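The values are calculated or read from the model by the stated rules, or taken from the named source; none is laboratory data. Here the structure is a predicted model, which is why all the values come from computation and not from measurement. Here Cβ is always computed from backbone atoms with ideal geometry, including for glycine, and neighbour counts include all displayed protein chains.
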Ligand code: DGY
């Protein structure tokens, strides 16, 4: 029987399935393992079912026991794993695409609505009972007729585009390559980032974190946006230079932000907390019972496929 380390606590039905299939080392206290603890705990294991909270950088990967052959990441993103280091060690890395597209796109839309319609301020006032209706009270930005720029038209970007279009938004996008006409949903393609940003009344960041996208939204690129733009991020915090974005909020170059992901989670730059116009969530993208169950099942399927055939269709390195 293969031995698997599962680094974070999963939903009960997923842990039961794992127990039936493997000699499994579960994390019942849901402790956040340090790099050293993760290495120690994986001793004698054939694979690791990891989470986005595990920092599997080159140093950690190089110190994993020889017996580890697969890192099955419980996420669609894999910015927490050094893919090259894993490849050099002959360890395959897999992810969980598709199953979280709908749930994450829902949060992407919530970020757009929350930031544009001043939800943070509204919630705070309603809870404190210190508001009264007036014609100009908490006036926000209407989505209908507003241009939405999607940075990264992958599965999640496309689903956000589809919902946003039904809300009357006008969709633009930037990708490395243009989608075929039937996959574009009438969205306008921008070959370069500058061109997309220059028409984005609202920006939705949906691209994966990588060396190329790290700090892509920075002091220089923020200037391409129209004054008073709204920025939302449902992808990864590494794509945004926080200091530059907070400065843009301070200068009102940016009207509001809607964020679900941050650099150095679970911490976030305290500069965001000072802004009433920051609508912030604690990385809830895939947080529904259906989606988390499906994600863990797919991470287990990936292990199964790999141990049976030596291959996996969701291999990313
Ligand atoms: C992912 O899978 O990358 C999501 O961010 C999880 O919520």
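What the table shows:
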item	result
Count of residues meeting criterion [surrounded by 21 or more Cβ atoms within 10 Å (Cβ to Cβ) and more than 17 Å from residue 97 (Cβ to Cβ)] in segment 147-163	5
Where residue 140 falls short, out of the listed (1) in contact with a helix residue (DSSP H, G or I) (Cβ under 8 Å, 6 or more places away or on another chain); (2) at pLDDT 95 or above; (3) surrounded by fewer than 16 Cβ atoms within 10 Å (Cβ to Cβ)	(3)
Unique residue being over 22 Å from the mean Cα position of the chain (by Cα), part of a loop (DSSP other than H, G, I, E, B) and either modelled with pLDDT of 95 or more or not assigned by TED's automatic domain parsing to the domain that holds residue 87 (or both) when the list is 38, 32, 64	64
Selection status of residue 105, away from the ligand (no atom under 13 Å from the Cβ) and in contact with a helix residue (DSSP H, G or I) (Cβ under 6 Å, 6 or more places away or on another chain)	no
Residues of segment 276-313 that turn out to be away from the ligand (no atom under 16 Å from the Cβ) and within 17 Å of the chain's Cα centre (by Cα), as a count	1
Top-ranked residue of segment 256-269 - restricted to ones that are away from the ligand (no atom under 16 Å from the Cβ) and touching a helix residue (DSSP H, G or I) at 6+ places or on another chain (Cβ under 9 Å), ranked as nearest to residue 54 (Cα to Cα)	269
Residue ranges of strands (runs of 3 or more DSSP E) in segment 170-255 with at least 1 members within 16 Å of the ligand (Cβ to nearest atom) and under 30 Å from residue 52 (Cα atoms)	202-205, 229-233
Exclusive hit being modelled with pLDDT of 95 or more, under 30 Å from residue 75 (Cα atoms) and buried (at least 17 other Cβ atoms within 10 Å of the Cβ), set 201, 192	201
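Every residue, every condition in (1) touching a residue at least 12 places away in the same chain (Cβ under 8 Å); (2) in the same structural domain as residue 203 (by TED's automatic domain parsing); (3) in contact with a strand residue (DSSP E or B) (Cβ under 9 Å, 6 or more places away or on another chain); (4) not in a loop (DSSP other than H, G, I, E, B), yes or no:
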site: 108; (1), (2), (3), (4): yes, yes, yes, yes
site: 112; (1), (2), (3), (4): yes, yes, yes, yes
site: 124; (1), (2), (3), (4): yes, yes, no, yes
site: 132; (1), (2), (3), (4): no, yes, no, no
site: 138; (1), (2), (3), (4): yes, yes, no, no
site: 142; (1), (2), (3), (4): yes, yes, no, no
site: 145; (1), (2), (3), (4): yes, yes, yes, no
site: 159; (1), (2), (3), (4): yes, yes, no, yes
site: 164; (1), (2), (3), (4): yes, yes, yes, yes
